[in-house]
Protein chains: 2
Amino acid sequence: METLAPLLLLLLFVSASAAPIGSAPRFLGPYARRKSSGVASPASYEYDVRYFGQTLDHFSFADLPGFQQRYLVGRNDLWSRNGPIFFYCGNEGDIEWFAENTGFVWEIAPRFGALVVFAEHRYYGKSMPFGSRESAYKDAKSLAYLTAEQALADFATLLTDFKHNLSSEGSPVVLFGGSYGGMLAAWMRLKYPHVAIGALASSAPILQFEDIVPLETFYDIVSNDFKRESLSCFEFIKESWDALETCGQGNDGLRNLSKDFHLCRKLNSVGELSDWINSAYSYLAMVDYPLPSSFLMPLPANPIKEVCRKIDSHPNGTDILVRILAGINVYYNYTGTVDCFDLEDDPHGMNGWDWQACTEMVMPMSSSRDKSMFPTYDFDYASYEDQCVQSYGVRPRPRWITTEFGGHDIRTVLKKFGSNIIFSNGLLDPWSGGSVLHNISDSIIALATELGGHHLDLRPSTNEDPDWLVGQRKTEINIIRSWLNDYYEGRKTSFLTQLY
Amino acid sequence: METLAPLLLLLLFVSASAAPIGSAPRFLGPYARRKSSGVASPASYEYDVRYFGQTLDHFSFADLPGFQQRYLVGRNDLWSRNGPIFFYCGNEGDIEWFAENTGFVWEIAPRFGALVVFAEHRYYGKSMPFGSRESAYKDAKSLAYLTAEQALADFATLLTDFKHNLSSEGSPVVLFGGSYGGMLAAWMRLKYPHVAIGALASSAPILQFEDIVPLETFYDIVSNDFKRESLSCFEFIKESWDALETCGQGNDGLRNLSKDFHLCRKLNSVGELSDWINSAYSYLAMVDYPLPSSFLMPLPANPIKEVCRKIDSHPNGTDILVRILAGINVYYNYTGTVDCFDLEDDPHGMNGWDWQACTEMVMPMSSSRDKSMFPTYDFDYASYEDQCVQSYGVRPRPRWITTEFGGHDIRTVLKKFGSNIIFSNGLLDPWSGGSVLHNISDSIIALATELGGHHLDLRPSTNEDPDWLVGQRKTEINIIRSWLNDYYEGRKTSFLTQLY
């Protein structure tokens, strides 16, 4: 049976007792990867698994133990010294899962003679400080070094050493990343231009901080994705929250709801159920791909269309919760093999992204009264902070990310600074609202596709890919080629300058 | 009486027992500031002294105490909201001393209506973590957070908060810095383009790492500065080291040397004396200004010319050490008020720059056989590292600075990346050899003056300034004006774009 939510997106604002930590939308959680089905992955890429002795705190000289960072190196007999390196900036999960789901990099590498490297993010997968996951996640003290800046420094250190060991200092590095990994790729190009010549940052919401974009953006986009398929579907969902609250009154209410929704255990609160339903909608918006996928869950093409068809297709007078269940069944049980739904037992348990959300990655979100199909909610930083202090004993630094990486007035700041970044986005993806959607300069480019989802461009190509997706990838390939050509041209020139 | 060496530059490679830590040339040491003479500073600028509650480790969430960072804010009634801020990146010393010696910033600010801010570097002056200098410098554990990246993050955090409190987020910030402060200014523009629109990095040897420039560069330049004044002077100095060794044989030898050189106490080794003499030459090369100064020591214009005049002017057959003493007397006793010379009692005592040199700031230097007037020396990293482990219990990361900030192939890397940096250098300054001396792009500019010394351009102007210095400053002013104009133009455009 599949886990509840590969991409955990717990929108707890429904219940008053909701914990804002869990409630912040996440890209990926500890359950992000589907439990292995026992069936071999359709796409399997050839790589060696290696480990690199990494520094735990790059920015201080405190006496701390190092740790082993895992990275994958594609097998490529055609690569030669000073040839390109395509480097995937691992995000909050097991790097092998990202490698498996980032077919684009594997597919295009051969035509550039590029070596593929996937580097795991510290504190995820097998890249655990303090020797084990248990020790790394023990408490705030052991988690203290789980930050984006340290992860970027890991990548820079790994790459520098990797090239040095291959006597290939002249290799141009192109960065790739999706979602949080895309944020890392973009930031890395900005902070380490001497390490990488360019970055493809797919679905990277680097502006989803403070008040850079309206706080309602994320849920408005999710809601619009449903509304564009069917206004009635949007309205049914919008009305369903009150119905849930009403039905869930009292102990009997919770028992009935648990039974009606085929849950494996009895609910403790209506909030638990709303979160689970909410998550489905937001994930559906992210993976509303024009073709079948099993990135998160096995899903048909255009899954929101399918969800709304289920919700809408019941006769007039049908109980609204029956409609809702039929809808989310598409997400949680498309294969029809689920006996009962297994809600996450410990949604507030320690996991990496929750820690990151409670320290640096404070991405405030609200739900608007009119445009959103979700219950109205105004982001409340004070309770967010309280929750972090309670859960982890840590106080967030909500203004730190923009201090360290910028974001405000990004077009002015980067217009004459920096180069060679592609921000690609699918506009159906709710994270696109916090990303860069307009060109900043000749070489800091935004590629937005109206019908795309969450880093769809990075996924393996299929025969069913629509033309606009094929075209988007072609554009990306051409831009990357121009970076590489520029680089090698520049080297030739500088080499000749030195000679004569 | 003046202290031994305001800019401690202990070149211990003469004696075999020399400690490489102390031996690495420093910009400034704990004795960098001349002991107060009791006479009021000629240039005194009007400012308020303030403190900012700073984070000790910006890049981790370890539970550490904050500290108070000192900064100076110029009094300026004419400054208005969103007006420019001229920000000096404090280096390894008391910020008031830098404020006093950086007249350029104070002098040009009024014509831009700019507010002047001088921020102190953590672990220097009064900006001490853990409550006091004693606690901050207690051991490797307390010193662990004395790094350049933390200092830059301090500046970014301070500036962001400062502007926020003034409701002046639109203020463009121009960075200034000399020497290590210049390195910080350049790096800050590269790492925090959203915080500052440009940087004047004066005498900033950001390439003095690993093997980016030849290791002999520094001492070759010092030596050339003497050779250009007088070949015989250069030769006398080059010969003097053996004479020193010979004279210093045995206990009587050391006693005699101590007496001949008017030292206040008896030498323990010849190396002590050579270091002291070496330091004088290197400092002289740094401050070989075309006009009288008292930045380090009270000195005449073109002090090396004066030193060589003293060395050369003795009749043939004069003992070579008599010549040498006459020469360095110009540096250590130009006012003629010194009774005896007080060698630093504890040259290896804990101080900030030594720690930085033993962690990140590994700037390898050798002394060549032919071009250098110093004893031949090949940089030996192993013994350098040993010394750091012995002295501080810390192991340097000699490749970290270039991993974090780059340096290799800087012209290729920054040709199409970054903007608005001036690297200014005086070619008599031995640190110029590790700086950027050629334009990188239209807006990353190198301004080198043949007859300039160590960040001479940042010093207060005088009536005796030569035309080329006046011209250099004018060029800098014009470039800074163009940055500010560009910025305000861009804001206007973006504001209009939003309106219509």
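Every read-out reported here was derived from the displayed coordinates using simple, explicitly stated rules and does not represent laboratory data. It should be emphasised that the depicted structure is a prediction, and the values quoted were computed from it without experimental measurement. Cβ placement follows ideal geometry from the backbone for every residue including glycine, while neighbour counts extend to all protein chains displayed.
As a proxy for reagent exposure, B:PHE295, B:PHE52 were ordered by neighbouring Cβ count within 10 angstrom, fewest first; the result is B:PHE52, B:PHE295.
FRET efficiency for A:ASN478 and A:HIS408, Cβ-Cβ distance as r, R0 = 35 Å, nearest 0.05? Calculated transfer efficiency: 0.65.
To check you understand DSSP bridge types, tell me what percent of the beta bridges within the stretch B:338-452 (both residues inside) are antiparallel, rounded to 5. Could the numbers behind the result be given before it?
Details: 1 of 8 bridges.
That works out to approximately 10 percent antiparallel.
For the rotation that carries chain B onto chain A, the axis lies closest to a Cβ at B:PHE59, 2, where the number is the distance in whole Å.
Here's how it looks for B:VAL116: its modeled amide H is under 5 Å from those of B:GLY74, B:PHE86, which are all 5 or more places away or on a different chain. Label-point distances for B:PRO466 to the equivalent site in the other copies, using a point 7 angstrom along Cα→C-beta, read 7.0 nm when ranked shortest first. In a simple Cβ point-charge model (Lys, Arg +1; Asp, Glu -1; nothing else charged), chain A has a dipole of about 1200 debye relative to its Cα centre. For chain B, the membrane-span-like helices by this rule, meaning whole DSSP H stretches whose C-alpha atoms cover at least 20 Å of axis and whose Kyte-Doolittle mean is -0.5 or above, are B:148-165, B:231-247, B:270-286; this says nothing about an actual membrane.
Given the rule -39500 (n - 2.57) for each run of at least 4 DSSP H residues, summed and divided by the residues of chain A, what is its mean residue ellipticity at 222 nm, to the nearest 500 deg cm²/dmol?
Values: 18 runs with 203 residues, N = 500.
After summing the helix terms and dividing by residue count, I get -12500 deg cm²/dmol.
Post the alpha-carbon centroid distance, the stretch B:431-500 to the stretch B:197-242, in whole angstrom. Computed from Cα coordinates, the inter-centre distance equals 25 Å.
Which one of B:VAL330, B:MET297, B:SER313 has its Cα pushed farthest toward the positive end of the charge dipole of the stretch B:283-364, where Lys and Arg give +1 and Asp and Glu give -1 at the Cβ? Of the listed residues, the answer is B:SER313.
The label point for A:LEU166 and the one for A:LYS141, both projected 7 Å from the Cα toward the Cβ, are 4.1 nm apart.
Inter-label distance, B:GLU450 to A:ASP380: 7.3 nm, where each label sits 7 Å from its Cα along the C-beta direction. Put simply, the amide H of A:PHE295, placed in the peptide plane, has no neighbours under 5 Å, leaving out anything fewer than 5 places away on its chain. Among A:ASP380, A:ASP467, A:ASP225, B:ASP94, a tally of other beta-carbon atoms within 10 Å of each Cβ gives an order, fewest to most, of A:ASP467, A:ASP380, B:ASP94, A:ASP225.
Using a 10 Å cut-off on Cβ atoms, rank the peptides B:299-306, A:323-330, B:175-182, B:417-424 from the highest mean neighbour count down.
Values: B:299-306: 19.6, A:323-330: 21.4, B:175-182: 29.2, B:417-424: 25.2.
By packing density, highest mean first, the sequence is B:175-182, B:417-424, A:323-330, B:299-306.
Might you report the magnitude of the Cβ-based charge dipole of the stretch A:414-481 about its Cα centre, with Lys and Arg at +1 and Asp and Glu at -1, to the nearest 20 debye?
On the way: 6 positive and 8 negative charges, 76 e Å.
Computed about the Cα centre, the dipole is about 360 debye.
Candidate cross-link partners of A:LYS415 among the lysines, defined by an alpha-carbon separation under 26 Å and a same-chain spacing of 8 or more, comprise A:LYS191, A:LYS474, B:LYS163, B:LYS191, B:LYS415, B:LYS416, B:LYS492. The other copies place their B:ARG50 label points at 5.0 nm from this one, listed shortest first, where each point is 7 Å from Cα along Cα→Cβ. A label point on A:SER168, set 7 Å along the Cα-to-Cβ line, lies at 5.1 nm from each of its counterparts in the other copies, closest listed first.
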